[in-house]
Amino acid sequence: MSKSVVIVGASMGGLRTAEALRNAGFTDNIAVIGDESHAPYNRPPLSKEVLAKEVTHEAVAFKQRQQTADVVWKFGSPVVDANLDAKTVTTDDGETFSYDGLVIASGLRPRRLDVPNGNVTGRHTVRSLDDAIGLRAALVPGARVVVAGAGFIGCEVAATARGLGCEVTAVAIDEYPMVRPLGPTFAADLQARHETHGVQFRLRRGIADLEGDGALTGVLLDDGELLPADVLVEAISSHCNTEWLNNTNLDLSNGVLADRALRAVTVDGNSVDGVHVVGDLARFANPLFDDVARRIEHWNIPTETGKRVGPVLNAYLSGEGYDELVAQPFTPMPSFWSDQYDLKIQGFGMPALADEIAIIEGSIGGELVMGYYRGGKLVGVVGIGLTSTLMKLRKELMGDA
């Protein structure tokens, strides 16, 4: 009797899981359900090089490989409910899908500012392709752009907007942009680089309200300063898309808790066979660092988690080699990059875990590699240039040095 796998989420994590299932030998039915109307595409370039040009699906779409040619794709219909006992999921248009294996890949959505005058036009996020299309149309020369949030996405958008001739001010509650993953020394250096390109910063500030009757005209800060603005980009964090799982007993306290085989875990600590989590939602422990379960929102994690789930889920459905695969450790190396102006910032590991930060090579203002240590052990590296040094340190992080 044939088996069916339902993957909820049609972004990179869902696509890579479908590919991994096929590569592992699963030949039965796969259905992928997504809330967007677009086929899977690459999100990171939306705030980087693609935003600087014409934003189109063709520019970011993943190539469909032959092994997933027979996968059923359902776009534009978010899943609104899951019944793990009945093994069904239901979409907002009332269609019900039965499954033997379920993959949770529904990802994140942007958090929005909660302000009294929030109904003005001119507010943007940069999570989806449609978001980026709308924002790109607003980034015209001379536009007054306020970026709420100074993490990587916020700073990438700020750099792109400056390159398009916009006036840009970044507002953040932190003392430096990108300080949480990078630490104060590197973050202050990157702030100075942005300022040489004309970006202004309002740090340790929050946004109290928006000005404008219909269309945005200004952003009011919590210290009373009013920033003139035509465009507001909100890059202040995300919400996990787990509401469709509220009727289950899964641990949804921060994404979806998962074990080393990326099986979803219940609130009482039990792993659920045949139900897996991939991508930004997956909260799992990585033995490379410690035994604390964390969500990792880096570009390679959807691929790494999809590659892990495919063989395990296939083994569960086929009844062959399942226990052996479940027992294998899962130790993906978190990787990220950020393009800002002519800078390519590249990182590996978990820099935010560090209790000590030091320059390994290079110097502030030029090419450099920063090392991030916890208890004297290297847990992360981030650099500008000096790729050979970064790659050597990546091996050290993996334990291959």
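If you go through the stretch 85-92 one residue at a time, do you hit one that is in contact with a Phe, Trp or Tyr (Cβ under 6 Å, 6 or more places away or on another chain) and either among the acidic types (Asp, Glu) or more than 30 Å from Tyr322 (Cβ to Cβ) (or both)?
No, the stretch 85-92 has no match at all.
Report, by residue number, each residue of the stretch 78-88 that is in a strand (DSSP E or B) and either under 20 Å from His38 (Cβ atoms) or under 26 Å from the mean Cα position of the chain (by Cα) (or both).
Those that are in a strand (DSSP E or B) and either under 20 Å from His38 (Cβ atoms) or under 26 Å from the mean Cα position of the chain (by Cα) (or both): Val79, Val80, Asp81, Ala82.
Consider Tyr316 against the criteria (1) of a type outside the set (A, V, I, L, M); (2) closer than 19 Å to Val103 by Cα; (3) under 18 Å from the mean Cα position of the chain (by Cα); (4) surrounded by 20 or more Cβ atoms within 10 Å (Cβ to Cβ): it satisfies all of them except one. Which criterion is unmet?
In the conditions (1) of a type outside the set (A, V, I, L, M); (2) closer than 19 Å to Val103 by Cα; (3) under 18 Å from the mean Cα position of the chain (by Cα); (4) surrounded by 20 or more Cβ atoms within 10 Å (Cβ to Cβ), Tyr316 misses (3) alone.
Is there any pair linking a residue in the stretch 1-25 that is over 12 Å from Leu313 (Cβ atoms) to one that is β-branched (Val, Ile, Thr) and assigned to a helix (DSSP H, G or I), with Cβ under 7 Å and at least six apart or on different chains, and which?
Between residues of the stretch 1-25 that are over 12 Å from Leu313 (Cβ atoms) and residues that are β-branched (Val, Ile, Thr) and assigned to a helix (DSSP H, G or I), the close pairs are Met12/Thr303; Gly13/Thr305; Arg16/Thr303; Glu19/Thr68.
For the stretch 246-267, check the following and say yes or no: at least one residue is surrounded by fewer than 18 Cβ atoms within 10 Å (Cβ to Cβ), touching a Cys at 6+ places or on another chain (Cβ under 8 Å) and not assigned by TED's automatic domain parsing to the domain that holds Ala138.
So far as the stretch 246-267 goes, yes, one or more of its residues are surrounded by fewer than 18 Cβ atoms within 10 Å (Cβ to Cβ), touching a Cys at 6+ places or on another chain (Cβ under 8 Å) and not assigned by TED's automatic domain parsing to the domain that holds Ala138.
Counting only residues that are among the hydroxyl-bearing types (Ser, Thr, Tyr) and under 15 Å from Ser11 (Cα atoms), which one in the stretch 96-136 is surrounded by the fewest Cβ atoms within 10 Å (Cβ to Cβ)?
Restricting to residues being among the hydroxyl-bearing types (Ser, Thr, Tyr) and under 15 Å from Ser11 (Cα atoms), the top hit is Ser128.
Show me the strands (runs of 3 or more DSSP E) found entirely inside the stretch 282-401 where at least 3 residues are out of contact with any helix residue (DSSP H, G or I) (no Cβ under 6 Å at 6 or more places or on another chain) and closer than 23 Å to Arg193 by Cα.
Result: 335-340, 343-349, 356-362.
Considering only residues of the stretch 52-95 that are within 26 Å of Val275 (Cβ to Cβ) and acidic (Asp, Glu), which is surrounded by the fewest Cβ atoms within 10 Å (Cβ to Cβ)?
Asp85
For the stretch 26-35, check the following and say yes or no: at least one residue is surrounded by fewer than 14 Cβ atoms within 10 Å (Cβ to Cβ), in contact (Cβ under 8 Å) with a residue 24 or more places away in the chain and of a type in the set (Gly, Ala, Ser).
Scanning the stretch 26-35 turns up no residue that is surrounded by fewer than 14 Cβ atoms within 10 Å (Cβ to Cβ), in contact (Cβ under 8 Å) with a residue 24 or more places away in the chain and of a type in the set (Gly, Ala, Ser).
The values are calculated or read from the model by the stated rules, or taken from the named source; none is laboratory data. If you're wondering where the values come from, they're calculated on a predicted model, not measured in any experiment. Glycine also receives a Cβ, built like all others from the backbone with ideal geometry; neighbour counts cover every protein chain displayed.
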